[in-house]
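The values are calculated or read from the model by the stated rules, or taken from the named source; none is laboratory data. Worth saying up front: this structure is predicted, and the values here are computed from it rather than measured. All Cβ positions, glycine included, derive from the backbone under ideal geometry; neighbour counts span all protein chains shown. Heads up: the accessible areas ignore ligands, DNA and RNA and are worked out on the full protein's heavy atoms, side chains in. Shrake-Rupley method; radii C 1.70, N 1.55, O 1.52, S 1.80 Å.
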Amino acid sequence: MAINRREFIKVSALAGGGFAIGFALPATQVLAAEAKAFAPNQWIRITPDNLVTVVVDKSEMGQGVYTGLPMLVAEELDVDWSKIRIEAAPAAKEYAHPWFGVQGTGGSSSMRAMWQPLRQAGATARAMLVAAAAQTWKVDPAQLSTEYGAVIGPDGKRATFGQLAARAASIAPPKEVPLKDSSAFKIIGKPLKRLDTPSKTNGTAKFGMDAKLPGLLTAVVARSPVVGGKLVRFNADKAKAIKGVKMVLPVTSPTSEGVAVLAQNYWAAKLGRDALEIEWDAGPNATLSTAGLREQMSKFAESGEGALMARKEGDVAAASAAKMVEAVYEVPYLVHAPMEPMNCTAWVKPDGVELWVGSQAQGPNQMTAAKIAGCKPEQVKIHTLLLGGGFGRRFAPDFLVEAVSLSKDAKLPVKVVYSREDDTKAYYYRPMAIATLKGGLDAEGKAVSFEATTVCDSLAEGTGFEAMIIKDRIDGTSVEGLADIPYSIANVKVDWVKFSPGVRTWFLRSVGSTQNIFFSESFIDEMAHAAGKDPFEFRRVLLEKHPRHQAVLELAAQKAGWGSPLPEGRARGIAVAESFGSFVAQVAEVSLENDRPRVHRVVIAADVGTAVNPNQVVAQMEGAMVYGLSAALYGEITLKDGKVEQSNFNDYPVLRMSEMPLVEVHLVKSAENPGGVGEPGTPPIAPAVANALFALIGKRHRKLPLAKQA
């Protein structure tokens, strides 16, 4: 892999004789050249004590990037893993995501996007250290090797990286650096323990909620109970009488409108909010209801009015089918519900803004905060803290907008805190969606046509991702999992109808695949049944041109004992999906308990390409599956009179520990570049469970959540 000299920046020696290197985009070289010691465009810092600090530019929200990304550097640098330290990157354009163009974490892209850049950074650093040793010993660099953080001479002489750091800082980076062949990996592929676990188990880890500052005020915001409602007037006299309440301020922004109570602590702010007297204008959404939305969306799904064509192959209308299968599927709005409530601490100062936040979107955050505060983006300093669950929620701007706006008005540091009820009732949701599906089978039971029309809101419209995701007016997130079904069917047509009722929607873990894989994999099961075929065999034959799909399907079926007898009252269901560059099949084993689905066992087979840290891949598959299973069984946000009816985990439940199934994860060995692992485990579980329920009771569940329907 070639590295342009100007793309590899070496900065001056650190205090104490260390050296630091950075590999970044060309624009970084100016900042790097100006740096005197530690600079924000560095990935690696080596100090004389032989410690190697890897700067991680992705946010740690439980997915393991604070371990996986340093493994890439350590592998190519050839360093002792015990010498690795991690450091959260500052917010800076040098850390812009290679795909997004702005700094951020999402789309199960961290490992995929940084696979090459971080390995290049490590390999280049290693080459410079070898060159430093060659200069010191006056030998040909080709005679030298490296091992566990040291350069080895031809006569067995050793020099540690720390000893070579100062000289290495004066050496120009090489134009090209070879990367290791996968057969030479010593660290990549090893099941390593996470570097962030100790701090999370001994209580020293710092999440956004842990931010504390002298004079900090906590803000709790009253928002319209009706989606999109407007503030008319408010009386704060009773709120200001609450002990600890310091200020009451209106909040108005494109993402938020309401009244904020700022107090010495959360409880005082909450009591102050409860005491506010507010008049709201409910606006046009005053009568919004789930039932009404269902009626409207169903009409669009049936008529196809306003549909945009996302995929067309062959001619579904002219396909010669002996039997047609038709069905209508539906999924509700979902909320992210991270365990750590949403929060952001902001301090708007005369010379800029400081933020303490668990954020997935440092790049957009800088621009947003700068716009509010009236400063330049580079004057916004972000302290990225750990995220107690992201799931896409912490890419949204609302909580940051409120914190910065209130700090600017209060002229004090302000921490905005949402209760879970606040977040559940007033913010962002995975879109509700309804889809009609039609499938044709020939006389031998072979699928000859597949047609789908899905109706849902656009996620990307109006966001910074609009240009990236929306092509030919079609939001790719709305049809992923449908338009890209891998099955060899000659005639395929997939349409999308954009439906925007005024409910704020946002990216949720696995995005469009969460609903569309439920649609497509349930419907393929329906076609298999109509064809009189085994669901596994039906899929396997149709996947002959997609060996990675087929391989995980076969592995999951084999490990689950597909076709073998089960205890009475149990059945299996299967589903397979590709998302975020990985391939996952799941087999769910279910029964009914008190007329509700009970999932006893889930077998997962995954091809994620190179599994950088297999421990973490397994953990992510398990966690993503449970996230999807919670949604499949219980997840539902409903609207009545314009108001969200759910509030917290009491009426928006997640899977309890007592309900946790046995889970097995089997990874396909692969030397392919890594795929995503944070999200691909989510989509297949809903159809796998629904398909198992059909096998068990003969009733097809075409609507989620399942626990309400058995």
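Couple of notes before you dig in:
- Cβ pairs under 7 Å, 6+ apart, first in segment 644-668 and β-branched (V, I, T), second open to solvent by 60 Å² or more (accessible area, probe 1.4 Å): V644/K425; V663/E622; V665/E622
- In segment 251-272, the residues that are modelled with pLDDT under 95 and open to solvent by 60 Å² or more (accessible area, probe 1.4 Å): T252, P254
- Residue ID - surrounded by the fewest Cβ atoms within 10 Å (Cβ to Cβ), chosen from residues in segment 588-610 that are in contact with a strand residue (DSSP E or B) (Cβ under 6 Å, 6 or more places away or on another chain) and either closer than 15 Å to Q550 by Cβ or without any contact (Cβ under 8 Å) to a residue 40 or more places away in the chain (or both): D607
- Pairing residues of segment 189-205 that are hydroxyl-bearing (S, T, Y) with residues that are assigned to a loop (DSSP other than H, G, I, E, B) and open to solvent by less than 80 Å² (accessible area, probe 1.4 Å), at Cβ distances under 8 Å and at least 6 apart in sequence or on separate chains, gives S199/A205.
- Residues within segment 672-706 that are more than 22 Å from G62 (Cα to Cα) and either acidic (D, E) or more than 24 Å from the chain's Cα centre (by Cα) (or both), tallied: 16
- All strands (runs of 3 or more DSSP E) inside segment 389-508 with 2 or more residues being among the basic types (K, R) and open to solvent by 10 Å² or more (accessible area, probe 1.4 Å): 491-498
- Residue count, segment 335-354 (criterion: in a loop (DSSP other than H, G, I, E, B) and either aliphatic (A, V, I, L, M) or open to solvent by less than 10 Å² (accessible area, probe 1.4 Å) (or both)): 6
- Residue ID - surrounded by the most Cβ atoms within 10 Å (Cβ to Cβ), chosen from residues in segment 512-546 that are assigned to a helix (DSSP H, G or I) and of a type in the set (G, A, S): S520
- Among the residues of segment 46-60, those that are open to solvent by 10 Å² or more (accessible area, probe 1.4 Å), at negative phi and touching a helix residue (DSSP H, G or I) at 6+ places or on another chain (Cβ under 7 Å) comprise T47, P48, D49, L51.
- Count - residues of segment 198-215 that are open to solvent by 60 Å² or more (accessible area, probe 1.4 Å) and either among the polar types (S, T, N, Q) or in contact with a helix residue (DSSP H, G or I) (Cβ under 9 Å, 6 or more places away or on another chain) (or both): 4
- In segment 611-637, residue nearest to M114 (Cα to Cα) [restricted to those that are of a type in the set (S, T, Y) and open to solvent by 20 Å² or more (accessible area, probe 1.4 Å)]: Y627
- Yes/no for T218 being of a type in the set (V, I, T), open to solvent by less than 60 Å² (accessible area, probe 1.4 Å) and under 29 Å from K138 (Cα atoms): no
- The condition of being over 18 Å from N594 (Cα atoms) and part of a helix (DSSP H, G or I) holds for only one of A686, A707, A671, A690, that being A686.
- The residue that is farthest from the chain's Cα centre (by Cα), among those in segment 157-173 that are basic (K, R) and outside any helix (DSSP H, G or I), is K157.
Per-residue answers, yes or no, for (1) in a loop (DSSP other than H, G, I, E, B); (2) out of contact with any Leu (no Cβ under 6 Å at 6 or more places or on another chain); (3) at pLDDT 95 or above; (4) not aromatic (F, W, Y):
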{"residue": "N50", "(1), (2), (3), (4)": "yes, yes, no, yes"}
{"residue": "K58", "(1), (2), (3), (4)": "yes, yes, yes, yes"}
{"residue": "Y66", "(1), (2), (3), (4)": "no, no, yes, no"}
{"residue": "M111", "(1), (2), (3), (4)": "no, yes, yes, yes"}
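- Some residue of segment 369-381 being touching a residue at least 24 places away in the same chain (Cβ under 8 Å), crowded, with 24+ Cβ neighbours inside 10 Å and not in a helix (DSSP H, G or I): yes
- V226 under 29 Å from W356 (Cα atoms) and open to solvent by less than 40 Å² (accessible area, probe 1.4 Å): no
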